[in-house]
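A quick write-up on the structure given underneath.
The values are calculated or read from the model by the stated rules, or taken from the named source; none is laboratory data. The shown structure was predicted, so the numbers you read here are calculated from the model rather than taken from an experiment. A quick note on method: Cβ atoms are made from the backbone with ideal geometry, for glycine too, and the neighbour counts reach across all protein chains shown.
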Amino acid sequence: MRQSAGVRAMVEKLYDVMRSADLQSAEELLSTDMTVAIGTDEDEWDTDRAVAVAGFVTQTQEAGPLRIQAGAPRGYSDGSFGWFEDRALVTFSDGESAPVRVTGVVRYENGRWRLVQVHTSIGLPNAEFGLDLTTNPGSQRD
């Protein structure tokens, strides 16, 4: 396993696609063997590549212009597979912002990294669920 600038660059490409609502770019980004694209809404769980591509485009068109600011993406690879993580910030057209967590698995195909799996989420405090994990030493943040 090694850090990968190519996988980190692919994260920026993912954000470009999320900003642009460009169907061709979304199609190029997802592997033909994509397994799942999970979004922030509970209904955004797409295991069909065509549905996932359409979801990228439709969501961006409906939400209006988005600004997505990468946090400090980390990308790794081992052979033709890689994975990434980031804490990004999304700013919507109305000026509201939300921190998002983005992880994914990629595969090197035909000269580029492509998404096999991607998961975007908005974290909620454990207290909202009646959980108090402040005494758990395993609960750490980078």
Exercise. If you scan the range 33-67, which residues turn out to be at pLDDT 90 or above and assigned to a strand (DSSP E or B)?
Worked result: Val36, Ala37, Ile38, Trp45, Asp46
For this session: Could you please find all residues in the range 68-89 being free of Cβ contacts under 8 Å to residues at least 40 places away in the same chain and not in a loop (DSSP other than H, G, I, E, B)?
Result: Gln69, Phe81, Glu85, Arg87, Leu89
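Does the range 107-114 include one or more residues that are under 15 Å from Tyr15 (Cβ atoms), aromatic (Phe, Trp, Tyr), modelled with pLDDT under 95 and surrounded by 10 or more Cβ atoms within 10 Å (Cβ to Cβ)?
No, because not a single residue in the range 107-114 is under 15 Å from Tyr15 (Cβ atoms), aromatic (Phe, Trp, Tyr), modelled with pLDDT under 95 and surrounded by 10 or more Cβ atoms within 10 Å (Cβ to Cβ).
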Exercise. From Ser80, Ser93, which residue is at pLDDT 90 or above and out of contact with any His (no Cβ under 9 Å at 6 or more places or on another chain)?
Worked result: Ser80
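For the range 60-101, what are the residues that are among the aromatic types (Phe, Trp, Tyr) and more than 22 Å from Gln3 (Cα to Cα)?
Taking the range 60-101 first, the residues among the aromatic types (Phe, Trp, Tyr) are 76, 81, 83-84, 92.
The one that is among the aromatic types (Phe, Trp, Tyr) and more than 22 Å from Gln3 (Cα to Cα): Phe92.
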Exercise. Say we look at the range 69-88 and pick out the residues that are over 22 Å from Arg112 (Cα atoms) and of a type outside the set (D, E, K, R); which of these is surrounded by the most Cβ atoms within 10 Å (Cβ to Cβ)?
Worked result: Ala88
For this session: Determine the pairs where a residue that is over 17 Å from Leu124 (Cβ atoms) and part of a strand (DSSP E or B), located within the range 90-103, has a partner that is at pLDDT 90 or above and among the polar types (S, T, N, Q) with Cβ atoms under 9 Å apart, the partner being 6 or more residues away or on another chain.
Result: Thr91/Gln69; Thr91/Ser97
Exercise. Within the range 55-67, is even one residue surrounded by fewer than 14 Cβ atoms within 10 Å (Cβ to Cβ) and under 23 Å from Glu109 (Cβ atoms)?
Worked result: no
Exercise. What is the one condition in (1) surrounded by fewer than 14 Cβ atoms within 10 Å (Cβ to Cβ); (2) touching a His at 6+ places or on another chain (Cβ under 7 Å); (3) among the β-branched types (Val, Ile, Thr) that Thr103 does not satisfy?
Worked result: (1)
Exercise. In the range 12-32, what count of residues is obtained for those that are over 22 Å from Arg101 (Cβ atoms) and either modelled with pLDDT of 90 or more or buried (at least 20 other Cβ atoms within 10 Å of the Cβ) (or both)?
Worked result: 2
